[in-house]
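Each reported figure results from applying straightforward, stated rules to the coordinates on display, with no laboratory input. These numbers were taken from a predicted model, which means no experiment stands behind them. Note that we place each Cβ from the backbone using ideal geometry, even for glycine, and neighbour counts take in every protein chain shown.
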Amino acid sequence: MLKVISTEKAPAAIGPYSQAMVFGNLMISSGQIPIDPATGEIAGTTIQEQAEQVMKNIGAVLEEAGANYTDVMKTTCFLADMSDFAAFNEVYGKYFTGKPARSCVAVKTLPKNVLCEVEVIVALA
C-alpha cells in the first residue's frame, strides 16, 4: 500500500504530485527546490544559499517519514549550471555524510528558475 508523505515544514507541491511516497520500507521523494516553506519564496540568490534551503526541505520530508539523511540510499541532483558543482558539493557534503549513491546533472532550466533541485530514495526502518 502506498503512503503519501506531506509536511508543512517543506514547500507544498507546485503541481499534481506529492512531496514523497512510501511503499514498504522505501521512500521516493519528489525533487525539492529552494522554496522557503514559511514564505513561499525562493531562498537566496547564490548556489550555496539555495542548496542550504533544498537540504532543509529534504530534511523536513525525511523527518516526516521517520528518517534522516543517513538513511538516504540515492540522490539525484539537478544544477542549472555545472560551474556551481564545487560550491553545491560543499553544502551537500555537510548533510549527506553517509555518502549515498548520487547522480548530478546540469539541466537547461529548473522550476521557478532556481539553481538546484534534489530528490532522494530512502531506506526506512
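Scan segment 27-44 for residues that are farther than 16 Å from Pro111 by Cβ and either out of contact with any strand residue (DSSP E or B) (no Cβ under 7 Å at 6 or more places or on another chain) or part of a loop (DSSP other than H, G, I, E, B) (or both) and jot them down.
Passing the criteria: Ala38, Thr39.
Just checking, does segment 22-32 include any residue being crowded, with 17+ Cβ neighbours inside 10 Å and farther than 17 Å from Phe96 by Cα? Write out each step before concluding.
Here is the first cut: in segment 22-32, the ones crowded, with 17+ Cβ neighbours inside 10 Å are 22, 27, 29-32.
The next check asks that each one be farther than 17 Å from Phe96 by Cα; those that pass are 22, 30.
Yes: one or more hits.
Please verify whether segment 83-90 includes one or more residues that are aromatic (Phe, Trp, Tyr) and more than 25 Å from Ile14 (Cβ to Cβ).
We begin by selecting, within segment 83-90, every residue aromatic (Phe, Trp, Tyr); these are 85, 88.
From the residues that got through so far, the ones that are more than 25 Å from Ile14 (Cβ to Cβ) too are 85.
Within segment 83-90 (the criterion being aromatic (Phe, Trp, Tyr) and more than 25 Å from Ile14 (Cβ to Cβ)), the answer is yes, since at least one residue qualifies.
Condition check: surrounded by fewer than 14 Cβ atoms within 10 Å (Cβ to Cβ), aliphatic (A, V, I, L, M) and in contact (Cβ under 8 Å) with a residue 60 or more places away in the chain. Does Ile14 satisfy that?
On the way: surrounded by fewer than 14 Cβ atoms within 10 Å (Cβ to Cβ): yes; aliphatic (A, V, I, L, M): yes; in contact (Cβ under 8 Å) with a residue 60 or more places away in the chain: yes.
Considered against the rule, which asks whether it is surrounded by fewer than 14 Cβ atoms within 10 Å (Cβ to Cβ), aliphatic (A, V, I, L, M) and in contact (Cβ under 8 Å) with a residue 60 or more places away in the chain, Ile14 comes out as yes.
Take the conditions in a strand (DSSP E or B), basic (Lys, Arg) and within 12 Å of the chain's Cα centre (by Cα) and apply them to Lys56. Does it pass?
Working: in a strand (DSSP E or B): no; basic (Lys, Arg): yes; within 12 Å of the chain's Cα centre (by Cα): yes.
Answer is no for this residue.
Among the residues of segment 72-94, count how many are buried (at least 19 other Cβ atoms within 10 Å of the Cβ) and either over 11 Å from the mean Cα position of the chain (by Cα) or in a strand (DSSP E or B) (or both). Show your work before the answer.
Of the residues in segment 72-94, the ones buried (at least 19 other Cβ atoms within 10 Å of the Cβ) are 72, 75, 77-79, 88, 91-92.
Going one step further and asking which of them are either over 11 Å from the mean Cα position of the chain (by Cα) or in a strand (DSSP E or B) (or both), we end up with 72, 75, 77-79, 88, 91.
Result for segment 72-94: 7.
Is it true that Thr109 is farther than 18 Å from Ala10 by Cα, part of a loop (DSSP other than H, G, I, E, B) and either of a type in the set (Lys, Arg) or in contact (Cβ under 8 Å) with a residue 24 or more places away in the chain (or both)? Talk me through it step by step, then tell me what you get.
On the way: farther than 18 Å from Ala10 by Cα: yes; part of a loop (DSSP other than H, G, I, E, B): yes; either of a type in the set (Lys, Arg) or in contact (Cβ under 8 Å) with a residue 24 or more places away in the chain (or both): yes.
Here the answer is yes, as Thr109 does meet what is asked.
Looking at this structure, is Ala65 in contact with a Lys or Arg (Cβ under 6 Å, 6 or more places away or on another chain), of a type outside the set (D, E, K, R) and in contact (Cβ under 8 Å) with a residue 24 or more places away in the chain? So that I can check it myself, show each step before the final result.
Numbers: in contact with a Lys or Arg (Cβ under 6 Å, 6 or more places away or on another chain): no; of a type outside the set (D, E, K, R): yes; in contact (Cβ under 8 Å) with a residue 24 or more places away in the chain: yes.
The answer is no for Ala65.
Pick from Val118, Val114, Val54: which is touching a Ser or Thr at 6+ places or on another chain (Cβ under 8 Å) and crowded, with 19+ Cβ neighbours inside 10 Å? Before the answer, list the steps.
Numbers: Val114 fails: touching a Ser or Thr at 6+ places or on another chain (Cβ under 8 Å); Val54 fails: touching a Ser or Thr at 6+ places or on another chain (Cβ under 8 Å).
Being touching a Ser or Thr at 6+ places or on another chain (Cβ under 8 Å) and crowded, with 19+ Cβ neighbours inside 10 Å holds for just one of Val118, Val114, Val54, which is Val118.
For segment 95-109: of the residues being among the hydrophobic types (A, V, I, L, M, F, W, C) and under 13 Å from the mean Cα position of the chain (by Cα), which is nearest to Met27 (Cα to Cα)?
Phe96
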